[in-house]
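The values are calculated or read from the model by the stated rules, or taken from the named source; none is laboratory data. These numbers were taken from a predicted model, which means no experiment stands behind them. No Cβ is skipped: glycine too gets one built from the backbone with ideal geometry, and neighbour counts run over all protein chains shown. The accessibility values were calculated without ligands, DNA or RNA, using every heavy atom of the protein model including side chains. Shrake-Rupley method; radii C 1.70, N 1.55, O 1.52, S 1.80 Å.
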Amino acid sequence: MKRMEKVLVKKPATILGIETSCDETAVGIVTDDGNILANEVLSQFKAHEPYGGVVPEIAARNHVEHVDLVIAKALENAKIGIDDLDAIAATAGPGLIGGVMVGTVAGKALALGTGKPFIAINHLEGHALSIRLTEAVDFPYLLLLISGGHCQLLSINGVGDYLRLGTTLDDAAGEAFDKTAKLLGLGFPGGPKIEAWAKEGRPDRFPFPRPLCGKPGADFSFSGLKTAVRRQADQLANDNGVIANQDVSDIAASFQAAVCDCLLDRVQTAMHMFRDEHGAPSRTPAFVVAGGVASNQLIRAELKTCCSREGYSFHAPPLWLCTDNGAMIAWAGIERHLLGIHHDLDFASRARWPLDETSETKIGSGKRGAKA
Ligand code: KG4
Ligand code: ZN
C-alpha cells in the first residue's frame, strides 16, 4: 500500500494524537501501517446540552479535567507504554482556543517529559487525511470537508499541500444543521436529530432556497436557507410556539434536501475545477468526503451517485472517523513524522489556522470561529 512519496524516518512508527479543539476530549494511538491501537473519545455533550451549543469556557475546563485520564486510558487500551511511542501529536488549531491550548500543552508536556518529538496538527488536516488511515487513497484527491465549523472544497495534493477551491461565505454545513435543530427544539448536536426526524418527513413539502446553486465557483452559503426555515417554522407554530410533529419532520426533510442539493451543486463545479487543475488524469480521480456532516446517510448516498455520474471514485471514512477523534490526529502525525516534519515546543496554539494558507481568508463566526 503506497502512502508516502518519500520516507525520511524509519518505520515502524507509533504515534499518540490528542484532540481537544471543540467538545470532545479525544486521544488516539495509531501505527504507520494503519493499525488503530486506541481511539478514546470522551464527549462533553451532557455539559453543553442545557445551553443548546458548545460553551467555550465549559469545554476548556472539561478538557483540563479529563485529558490526562483519556491519555492514560488510550495507552492502557493500546497495551503499550509511553516509551513505545515515536512521537506525540496534538491539534494546535483551529478551534476554541481554551480547549486547543489544553491539548497542545498536554502534548508538549508529554513530548518534553519523554524526549519524543512533538507534532502540531491542523485539525482540518486531521479530517483531510483521515481517509488514508482506512483506505489507500493516493494524492491528489478532491475533498469535501463538512463539519460544525467548516465547509470547504479542497484539492489535497500532498501532506501540507492544500489548494482551496471553495469555502462558505457564512455558516458551515453542520452549523446550519445545528441552528435548524435548535429552532425546531430538537436539541444538540442538531445533525443526527434532523436526520432522524427527516426520515418521517416529506422533502418536497417546503421549497426552501438553494443559495449559490447554478452560480460559478464552488463557494457555499447557508444563511438564506436558515432564515427561510425560521420563517416557515414561525408560520407553523401555534400560539404556544409549538409545531406539530409532522410539520417538524417535513421541515427537517425539506431542509436536509436543500442542504444536500447545495452540496451536490458545489461539488459538481469543484469536480470540473479539480480536473482543470490537474489536467488529464492517468487514473480515475478520487473524491473524499470528511467531517461530522459526512455521517449523514442521504448526503453520503447522493455524493456517491454524483461521483458515478462525474467519473470519480467515492471515498468516505467510517462514521466513527467522520466526527472529531484522536485517531485522525495521530494519523496526520504519522504522515508528517514519516516525512521528518516535527515542531518546536514553542509552536503556538491558534484559534484560526487556514489549511490553505495562501487563500484569502473569508470571515465566518461558527462554533469553531474561522471557516477558512
Ligand atoms: O467534525 P465534527 O465532529 O466537529 C467539527 O469539527 O465541527 O462535526 C460536528 C458537526 C455538527 O454540526 C453535527 O451536527 C454534524 O457534524 N453532524 C451531522 C450528522 N452527524 C453530525 N450533520 C448532519 N447529519 C448527521 N448525521
Ligand atoms: Zn472536526
| task | Report whether or not Pro189 is within 17 Å of Cys322 (Cα to Cα), within 16 Å of ligand 1 (Cβ to nearest atom) and open to solvent by 40 Å² or more (accessible area, probe 1.4 Å). | result | yes
| How about segment 265-297: which of its residues are part of a helix (DSSP H, G or I), polar (S, T, N, Q), away from ligand 1 (no atom under 14 Å from the Cβ) and surrounded by fewer than 17 Cβ atoms within 10 Å (Cβ to Cβ)? | Gln268
| remark: Filtering helices (runs of 4 or more DSSP H) wholly in segment 72-136 for at least 3 residues that are of a type in the set (A, V, I, L, M) gives 97-114, 123-129
| Do we have any residue at all in segment 24-47 that's over 26 Å from Ala136 (Cβ atoms), in a loop (DSSP other than H, G, I, E, B) and open to solvent by less than 30 Å² (accessible area, probe 1.4 Å)? | yes
| Unique match (being at pLDDT 95 or above and part of a helix (DSSP H, G or I)) among Ala330, Ala348 | Ala330
| request: Restrict the check to segment 206-219 and report whether at least one residue is open to solvent by less than 30 Å² (accessible area, probe 1.4 Å), within 30 Å of His272 (Cα to Cα) and outside any loop (DSSP other than H, G, I, E, B). | output: no
| remark: Restricted to segment 131-178 and to residues being surrounded by fewer than 21 Cβ atoms within 10 Å (Cβ to Cβ) and closer than 19 Å to Thr323 by Cα, the residue farthest from ligand 1 (Cβ to nearest atom) is Glu135
| field | Residue within segment 290-306 that is over 30 Å from Lys73 (Cβ atoms), more than 13 Å from ligand 2 (Cβ to nearest atom) and touching a Ser or Thr at 6+ places or on another chain (Cβ under 6 Å) present | value | no
| message | Quick check on my filter: what residues within segment 176-192 are under 29 Å from Glu125 (Cβ atoms) and assigned to a helix (DSSP H, G or I)? | response | Ala176, Phe177, Asp178, Lys179, Thr180, Ala181, Gly190, Gly191, Pro192
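Condition check ((1) under 12 Å from the mean Cα position of the chain (by Cα); (2) assigned to a loop (DSSP other than H, G, I, E, B); (3) in contact (Cβ under 8 Å) with a residue 60 or more places away in the chain) across all residues:
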residue	(1), (2), (3)
Asp138	no, yes, yes
Leu142	no, no, yes
Gly148	yes, yes, yes
Ile156	no, no, yes
Leu163	no, no, yes
Thr167	no, no, yes
Gly174	yes, no, yes
| task | May I ask you to list the residues in segment 230-264 that are within 16 Å of ligand 1 (Cβ to nearest atom) and either without any contact (Cβ under 8 Å) to a residue 40 or more places away in the chain or open to solvent by 50 Å² or more (accessible area, probe 1.4 Å) (or both)? | result | Asp261
| segment 270-298 - residue that is farther than 23 Å from Cys213 by Cα and not small (Gly, Ala, Ser) and, of those, modelled with the lowest pLDDT | Pro281
| query | Quick one: in segment 9-23, which of the residues that are open to solvent by less than 30 Å² (accessible area, probe 1.4 Å) and among the aliphatic types (A, V, I, L, M) is farthest from ligand 1 (Cβ to nearest atom)? | reply | Ala13
| message | I'd like to check something: does segment 324-339 contain any residue that is in contact with a strand residue (DSSP E or B) (Cβ under 7 Å, 6 or more places away or on another chain), of a type in the set (Phe, Trp, Tyr) and open to solvent by 40 Å² or more (accessible area, probe 1.4 Å)? | response | no
| request: Give Asp250, Asp324 a once-over and let me know the one that is among the charged types (D, E, K, R) and not in a helix (DSSP H, G or I). | output: Asp324
| remark: Looking across segment 298-321 at residues that are outside any helix (DSSP H, G or I) and either out of contact with any Lys or Arg (no Cβ under 8 Å at 6 or more places or on another chain) or acidic (Asp, Glu) (or both), the single one that is farthest from ligand 1 (Cβ to nearest atom) is Gly311
| Which of the residues that make up segment 9-28 are among the aliphatic types (A, V, I, L, M) and more than 12 Å from Met328 (Cβ to Cβ)? | Val9, Ala13, Leu16
